[in-house]
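Peer 1: Pasting in a structure now, in structure tokens, and then I'll have a few things to ask.
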Amino acid sequence: LGSYLREESARLRRLHRFYEKVQALHQDPEASVDNPLLAFSLIKRLCSDWPNIIYSGEATGNAQALHASLREVEQELPGAEDLSGAAQALMRLQDVYALNVKALANGVFQGPGAGHPALYNPSRRVSLSADDCFHVGKVAYDTGDYYHSIMWLEEAVRLFRLSYGSWNPEGWSSLKDALDHLAFSYFTAGKISHALSLSREILRYDPSNQRVTRNVAKYEKLLEMGMGKSTRPLRRPNSTHLQSRDAYEELCQRPRGQVGLAGGAMVPPQPLSAPAPYALLGPLSSQPVPEQVLHLGCSYETKSSPYLLLQPAKKEMVQIRPYVALYHDFISDAEAETIKGLAGPWLQRSVVASGEKQQKAEYRISKSAWLKDTADPVVRALDQRIAAVTGLDLRPPYAEYLQVVNYGLGGHYEPHFDHATSRKSPLYRMKSGNRIATVMIYLSAVEAGGSTVFIYANISVPVVKNAALFWWNLRRNGNGDGDTLHAGCPVLAGDKWVANKWIHEHGQEFRRPCGANPWD
């Protein structure tokens, strides 16, 4: 009888532990995933933690039912690629917004410098666990990115010790893994003494580990030979070879300001005072010259179009050269939701032009879909509105279909041109010339990040829901405007949706004719 009671008691304890783990996976079911830390944790729970619990020994008694339930939804759950992408997104946010790893893991989104305002203030602070930090570091480690792996694994080790106490057996395996990966990261980065210290620490508690023992001997020999004493700081990788990275990131880090207007209320321009757009430019901006100031401001525009007579376009000039204008209240909430709903089922990973082909790229992380004007009356009406505001011909083949893009966790598009810079570009397959202009419509708001920045023009335009950003990609002589190099900053918090309309140069000969100056 005593043996039976002990077995039943042990079984009940196992069931209780299993129940607690399952309950933990259901935490905050109604919580918003706008916070990137919550989004990462949710993806990790669905991709990794749930299968680990369901296939654990504690679930043996209910294995058949649990496995059947998992198989029903397995295709809809995030996969290993999604989890890896989420970890890379956190590292991208860390880099672009100069976030401190320790503060970020604790739910604090503080920009560079002590006096810099917080980039994002969530209503409820969310922290990453030691295992979360270990996973981010492991993703960096697996790709040979030891700059990031060291920072995230250091934080994982610190949190493992806080969670379990120094070398509590319950957390030993996870802590050992973190120390092991951290030691090898330091070794590969040329920090041999750090690797040796961490490896010796592992052996104090796992003296039979032959691999670590061999590593210790190797590190000691290298140090005796005078190797591995580099004091140079680790250099952050630049996998996409971005030449304008510093300028791009500085623009992304600028505090979110308003582009002139609030709630669509039009303010007449004041002739000799800097209008609102210059509030965006920050400390690196040059002083605007008087002739530019005279032309910057806000206005109602009809373009002599019957379409705009009863409801003029609310135009705000953001920049003269390159020509960049923002049209407020360009679409309604209902129209934006319709477009998002139409595109949703067709979203696929966005691609970029590479020579004569199109392919996925790390410098553009988003999902996109294309909508014909026949897809819905809303799309057709939007095309008519764009034609009226721009004065350009959007009839096929003079414009591309409407591209709808969704930027989720850390979604971004590094500096690029919209127009083709090579005659071999797939853009020329339309037989309608290069992209003369871009209209980008913001279909949603975001809590932080996601600004559109023009690198050489030194301007940053935050997301303005329902507004449309317009710029010319080509000069009047048909050459590309190098000042239109632009980027979509990573989404720090929220879900960014935009719709792009690219208009080509053919068909616009009399709508935007060449100027008298051949260099214009």
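The values are calculated or read from the model by the stated rules, or taken from the named source; none is laboratory data. Computed from a prediction, not measured in an experiment: that's the story for all the values here. Here the Cβ positions follow ideal geometry from the backbone for every residue, glycine too, while neighbour counts run over all protein chains shown. Surface accessibility is based on the protein's heavy atoms, side chains included, excluding ligands, DNA and RNA. Shrake-Rupley method; radii C 1.70, N 1.55, O 1.52, S 1.80 Å.
Peer 1: Counting only residues that are more than 30 Å from Ile455 (Cβ to Cβ), at pLDDT below 95 and out of contact with any helix residue (DSSP H, G or I) (no Cβ under 9 Å at 6 or more places or on another chain), which one in the range 295-321 is surrounded by the fewest Cβ atoms within 10 Å (Cβ to Cβ)?
Peer 2: Per the stated criteria, the residue is Leu310.
Peer 1: List pairs: first in the range 461-484 and over 19 Å from Arg423 (Cα atoms), second of a type in the set (Lys, Arg), Cβ under 7 Å, 6+ apart or cross-chain?
Peer 2: Every condition considered, the pairs that remain are Pro462/Arg256; Val463/Lys496; Asp483/Arg321.
Peer 1: Going residue by residue through the range 447-461, is there one that turns out to be modelled with pLDDT of 95 or more and within 15 Å of Gln403 (Cα to Cα)?
Peer 2: Within the range 447-461, not a single residue is modelled with pLDDT of 95 or more and within 15 Å of Gln403 (Cα to Cα).
Peer 1: Further, regarding this structure: Restricting to the range 198-220, name every residue that is open to solvent by 70 Å² or more (accessible area, probe 1.4 Å) and without any contact (Cβ under 8 Å) to a residue 12 or more places away in the chain.
Peer 2: Once the filter is applied, which keeps residues that are open to solvent by 70 Å² or more (accessible area, probe 1.4 Å) and without any contact (Cβ under 8 Å) to a residue 12 or more places away in the chain, the range 198-220 yields Arg204, Pro207, Ser208, Gln210, Arg211, Arg214, Lys218.
Peer 1: If you don't mind, there's one more thing I want to ask. Going through the range 295-315 one residue at a time, which ones are under 13 Å from Tyr327 (Cβ atoms) and of a type in the set (Phe, Trp, Tyr)?
Peer 2: Selection gives Tyr300 alone.
Peer 1: Condition first: hydroxyl-bearing (Ser, Thr, Tyr) and either out of contact with any helix residue (DSSP H, G or I) (no Cβ under 8 Å at 6 or more places or on another chain) or open to solvent by 60 Å² or more (accessible area, probe 1.4 Å) (or both). Now tell me which residues in the range 128-146 satisfy that.
Peer 2: Listed by number, the list holds a single entry, Thr143.
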